[in-house]
Amino acid sequence: MINIRQKSLPQMSAWLPELFEALDDILFECAEKEPSSEQQVELFEVMRSLRLQKTRISQQFSNYLSNQFIAMTPAKIEDSIPESIEGISLSYCNLFPNMLSHLCQRFNHVVGSDVFSVESMPLGSMSLLNAFSQSIATLKLSPKVDTVLLQHFYRQIMCRMRPILLEANQALIEADVLPDLKTQAESSPHNWAK
């Protein structure tokens, strides 16, 4: 697991600056279109906070995921999660169904029981969403702005997870963890460059 953590976290961390840049642009566009001056002020304040706190947010994101790998415990999934998060989680699982399923089976094999789901395992949808949600929690966002940030996190980070998931599966295959499960490169309409 150390090998997977050491390879996946730096790659995701390298994508975060691009996410912050995209969030800055989208929040500015939203503020320009917003008729309410109160909403404009909120959006500009979020932009400012993201700029000032991006290093802390990146560090907390990495720490959350690193701790999950170290503890090998499932991510918490609330009984009632907002539809937007549920939709993002489902979209991620639908992007990489075989890779996630095989990785989940391999993680469960390593820990010796079926404690993980494709959502709750390290690199699973809820692990990634929880890591990002907790890292931006101090921003005190409105539900609407929170949803915008999570949707862009999905587009900028989660949709790019294909090479990380392939590498994680390959590392476990090389460690002789369920090597007979064959993970195939799943095709998707997304651009996987970078």
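Can you work out the FRET efficiency for the pair residue 56 and residue 76, with r the C-beta to C-beta distance and R0 = 22 Å, to the nearest 0.05?
My answer for the efficiency is 0.50.
Among 165, 152, 105, pick out the residue whose Cα is farthest towards the positive end of the charge dipole of segment 101-181, where Lys and Arg carry +1 and Asp and Glu carry -1 on C-beta, about the Cα centre.
152
How large is the dipole of the chain about the Cα centre if only Lys and Arg carry +1 and Asp and Glu carry -1, each at its Cβ, rounded to the nearest 20 debye?
540
Relative contact order, percent, of the chain when contacts are C-alpha pairs under 8 Å separated by at least 6 residues?
28
Which angle between 0 and 90 degrees, to the nearest 10, do you get for helix 125-135 versus the longest principal axis of the chain when only C-alpha atoms count?
40
So what is log10(I(q)/I(0)) for segment 1-153 at q = 0.08, 0.10, 0.17, 0.19 1/Å, when the Debye sum runs over its Cα atoms only?
Taken in order of the listed q values, log10 I(q)/I(0) reads -0.25, -0.38, -1.00, -1.20.
Mind pulling the angle between the C-alpha long axis of helix 97-111 and the longest principal axis of the chain? Nearest 10 degrees, somewhere in 0 to 90.
Between helix and principal axis, roughly 60 degrees.
Once every DSSP H run of n ≥ 4 in the chain is given -39500 (n - 2.57) and the sum is divided by its residues, what mean residue ellipticity at 222 nm do you get, rounded to the nearest 500 deg cm²/dmol?
That comes out to -23500 deg cm²/dmol.
Taking the 0 to 90 degree range and rounding to the nearest ten, how far is the long axis of helix 37-71 tilted relative to the main principal axis of the chain, both from C-alpha atoms?
With both axes taken from Cα atoms, the answer is about 20 degrees.
For the ranges 34-44, 167-177, what's the packing order if you count other beta-carbon atoms within 10 Å of each residue, average per peptide, and put the highest first?
The peptides rank, most packed first, as 167-177, 34-44.
Throughout, read-outs are computed from the coordinates displayed, never taken from laboratory work. Everything quoted here is computed from the prediction, not taken from an experiment. As a convention, Cβ positions derive from the backbone with ideal geometry for all residues, glycine included, and neighbour counts pool all protein chains shown.
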